[in-house]
Amino acid sequence: MMIFKNKVDLQKTLEAISAYEGKDLDLLADLVHAIRPTNGDVLKERVPQFDRLIFLLQSQTNYKIGLREYLNRLLLGKQLSSSLTDANIITGLDFFSELRKRLVHKFLPYQPEKNTVEHILVNVFYHSIDGKWILQIPNEKCKLLLNVLEVDGFFERNVQSPFIQDILFAIRVITHRLTGIAFDFEVLRMVPEYHCKESPFAALQDEIDNFLKGLNTGLFNRSNQEINFKQIHVLIGQCHEFINTAYKNKSKFGISFQLHQQLMVIITLLGRLSIILDSFVKHDEEDSKTELAKFIKSIIFINSGKAEITGYLNKATQIMAHEITQNTGKAGEHYITSNQKDYKSMLSSAIGGGAIVAFACVAKMELASMHSSIFGQGLLYSINYATAFILIYLLHYTLATKQPAMTAATLAKEVESDLKLNNNYLNLAQLFSRIFRSQFIAFVGNVFMAFPVAMALMFIWGTLFDVNLAAHKAPTFIKDLNLLKSPLIFHSAIAGIFLFISGLIAGMVHNKTKYKRVPERIVQHPALKRLLSLNSRQNLAKFYENNISGIASNLWFGIFLGFIHPVGEILGLNLDIRHITFAAGNFALGLYGQGFSLSLETILMSILGIGVIGFVNFMVSFTLSLLVALRSRGIPLNALWKILIAIKNRFISRPASFFFPPREIS
């Protein structure tokens, strides 16, 4: 591929072009490769070889004539419109389909039809940095190059010329595509404010049709002072307001990747339309060749992004991430204590969660002794985990490690607020201390209840049936808590990742419930109308709306934990999970199973292991969730350092606030 060839000499390339009489693209690709700056120059916004190109063309007439004639041969009869209408436009409504297409283009570049300008641009400006450095070249230098090559400016070209007609056709195509997408059912339902009102997109299409007709008949001038042109810009602004309204309504109606892709296409096409129109009409402050230079730079930039992946991912996921984390953030507010009453309530709910986990620990121990297939074992484990987690959720108890994924969005919201206030993240540091102490007391409640309840269950079973149920698994339980004898940190990190994913699932399900209007559909379901009263259907719909995201999140968390070890066995990998509450319950089972004959060193190592498990669970889940939450709000990651400093200062000045709530003044 051309991208790997060595740097070519600019002067030798110009000599080759001046002696060449064909229409092959390789020499033009060599010329651009010779001009292309290094990454360092791009960062410094310098294109040194571009100045040398102009100097050589000015000093050597044969270079100038050869390059001009070569470019004329290449561009003769080439269609321009597809470079404006199709280049770097999302072609599908499926996120993964578009991502897959761009990945393919990254390794096997897209090839347009050979009779198009797009074909030239794709094969000449093939490097990922081309669009960026081209835009960095000052317009005055580009104008100088056009003067040297004796290229006609934008406004010296007749409206009926193929070049201008191609541009007019592109404007018409873009406008019709805009109208078609804007009138899609999924888009319209996001903007009920525009119901029974004239769509700005329809008005834009009519205005542009009139403008193009006037240009072709000589009725209108190509001037930015033309009243029709001014009206077009007003309508483009109204179309942007339409899109902004749709995004504002996402918190009310939800949003899907498909709809987000449609809105992204509309935004791209509106931007493309503005670029073309602004270059196409005369501006008092710009001359003809400067406008042409800006137009050419824009086309090159547009056509250099077909394989661009990072930018697409950022655009495609930011809105969805914001909506998902927004939903988890609302739920996460219940996991943050503010006063002593909340603190005690969190302890009580965590105690309840720890008791349920203790039963799940005993159940899992017995399930492990059953003879079943690898899949069967994973299924049984998953049912056990999911039942415990869903029961904890429905009884309004707390599983400590579920908090980080839910509270990170609330923290990111505070970061956004502090950035606007420019107060060095003081409010954020205070909020973090509340989150930390809430997590701390939840850990305490879970651990200090899971241990005695699991121990009590063993005592009761042993007293009734004179059998030590935990004897066969006790050595494994104790070994799994030893930092030196097991990959405890790795397994704890896996659990943290699953906690993070389950938090995302909660937000996705909540968003989809709104977007699909599931509660309304339950209330109006024809079969349910025959079985249930209106009040019962409304209660069912309300229960679904309030709980389905939590149930789905805990169900999948249970499935992840249940199947990870069987999947590891199939793949021959040491995959497993360590969760702090289950670790506390397993420690009780191991201690009982060993007949309380553990050494002090082993007991201390086990307690240390439980603490490390909780810390890793928390840090992995919280860090991943916070990164997504920050990304969803467009907050730069370099803000993390200042955030850490603010938290450190808060801890130094008020360390107790990280563990205990403030005393209430009576």
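The table for this structure:
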{"read-out": "Of all residues making up the range 27-43, the number that are part of a helix (DSSP H, G or I) and either within 20 Å of LEU57 (Cβ to Cβ) or in contact with a Pro (Cβ under 9 Å, 6 or more places away or on another chain) (or both)", "value": "10"}
{"read-out": "Residue in the range 190-212 that is at negative phi, assigned to a loop (DSSP other than H, G, I, E, B), touching a Ser or Thr at 6+ places or on another chain (Cβ under 6 Å) and surrounded by 14 or more Cβ atoms within 10 Å (Cβ to Cβ) present", "value": "yes"}
{"read-out": "Matching residues, the range 548-557, being out of contact with any Ser or Thr (no Cβ under 6 Å at 6 or more places or on another chain) and over 13 Å from ASN511 (Cα atoms)", "value": "ILE551, ASN554, LEU555"}
{"read-out": "Subset of the range 103-114 that is of a type in the set (D, E, K, R) and closer than 17 Å to PHE125 by Cβ - its residue that is surrounded by the most Cβ atoms within 10 Å (Cβ to Cβ)", "value": "LYS106"}
{"read-out": "Subset of the range 126-137 (residues that are modelled with pLDDT of 90 or more and either in a loop (DSSP other than H, G, I, E, B) or over 30 Å from the mean Cα position of the chain (by Cα) (or both))", "value": "ILE137"}
{"read-out": "Lone qualifier among PRO636, PRO655, PRO661 - being of a type outside the set (A, V, I, L, M), closer than 28 Å to PHE500 by Cα and either in contact with a Gly (Cβ under 6 Å, 6 or more places away or on another chain) or crowded, with 17+ Cβ neighbours inside 10 Å (or both)", "value": "PRO661"}
{"read-out": "Whichever residue in the range 1-10 is at pLDDT 55 or above and surrounded by 14 or more Cβ atoms within 10 Å (Cβ to Cβ) and, among such residues, is nearest to LYS106 (Cα to Cα)", "value": "VAL8"}
{"read-out": "The range 29-40: number of residues that are under 30 Å from the mean Cα position of the chain (by Cα) and either surrounded by 16 or more Cβ atoms within 10 Å (Cβ to Cβ) or at pLDDT 80 or above (or both)", "value": "1"}
{"read-out": "Of the criteria (1) out of contact with any helix residue (DSSP H, G or I) (no Cβ under 7 Å at 6 or more places or on another chain); (2) modelled with pLDDT under 90, which one ARG73 fails", "value": "(2)"}
{"read-out": "Given (1) within 25 Å of THR116 (Cβ to Cβ); (2) in a helix (DSSP H, G or I), number of the condition LYS230 does not satisfy", "value": "(1)"}
{"read-out": "Yes/no for ALA493 being of a type in the set (A, V, I, L, M) and out of contact with any Leu (no Cβ under 7 Å at 6 or more places or on another chain)", "value": "yes"}
{"read-out": "Selection count, the range 542-569, where residues are under 21 Å from THR513 (Cα atoms) and touching a residue at least 40 places away in the same chain (Cβ under 8 Å)", "value": "10"}
{"read-out": "From GLU140, GLU98, GLU69, residue being surrounded by 17 or more Cβ atoms within 10 Å (Cβ to Cβ), on the phi < 0 side of the Ramachandran plot and either assigned to a helix (DSSP H, G or I) or among the charged types (D, E, K, R) (or both)", "value": "GLU98"}
{"read-out": "Every residue from the range 178-200 that is under 22 Å from PHE257 (Cβ atoms) and not acidic (Asp, Glu)", "value": "LEU178, GLY180, ILE181, ALA182, PHE183, PHE185, VAL187, LEU188, ARG189, MET190, VAL191, PRO192"}
{"read-out": "Filter result for LYS364 (crowded, with 23+ Cβ neighbours inside 10 Å, basic (Lys, Arg) and within 24 Å of PHE615 (Cα to Cα))", "value": "no"}
{"read-out": "Lone qualifier among ASN617, ASN574, ASN554 - being touching a Gly at 6+ places or on another chain (Cβ under 8 Å), buried (at least 22 other Cβ atoms within 10 Å of the Cβ) and polar (S, T, N, Q)", "value": "ASN617"}
{"read-out": "Selected residue (only one of LYS512, LYS485, LYS479 is touching a Ser or Thr at 6+ places or on another chain (Cβ under 8 Å), farther than 30 Å from ASN339 by Cβ, without any contact (Cβ under 8 Å) to a residue 40 or more places away in the chain and among the charged types (D, E, K, R))", "value": "LYS479"}
{"read-out": "Count - residues of the range 418-442 that are farther than 16 Å from ILE647 by Cβ and in a helix (DSSP H, G or I)", "value": "4"}
{"read-out": "Residues being assigned to a helix (DSSP H, G or I) and over 19 Å from LEU53 (Cβ atoms) - total across the range 74-83", "value": "3"}
{"read-out": "Pair list, Cβ < 6 Å and 6+ apart or interchain, from the range 611-623 residues that are touching a residue at least 12 places away in the same chain (Cβ under 8 Å) and in a helix (DSSP H, G or I) to residues that are crowded, with 22+ Cβ neighbours inside 10 Å and of a type in the set (Lys, Arg)", "value": "ILE613/ARG578"}
{"read-out": "Some residue of the range 584-596 being outside any helix (DSSP H, G or I), over 27 Å from ALA355 (Cβ atoms) and free of Cβ contacts under 8 Å to residues at least 24 places away in the same chain", "value": "no"}
{"read-out": "Test for ALA583: is it crowded, with 21+ Cβ neighbours inside 10 Å, modelled with pLDDT of 95 or more, within 36 Å of the chain's Cα centre (by Cα) and at negative phi", "value": "yes"}
{"read-out": "Pair list, Cβ under 8 Å, 6 or more apart: the range 171-198 residue in contact (Cβ under 8 Å) with a residue 40 or more places away in the chain and over 20 Å from HIS233 (Cα atoms), other residue aromatic (Phe, Trp, Tyr) and in a helix (DSSP H, G or I)", "value": "ARG189/PHE253; MET190/PHE253; VAL191/PHE242"}
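The values are calculated or read from the model by the stated rules, or taken from the named source; none is laboratory data. Bear in mind the structure is a predicted one, so any value in this text is a computation, not a measurement. Neighbour counts run over all protein chains shown; Cβ positions are idealised from the backbone, glycine included.
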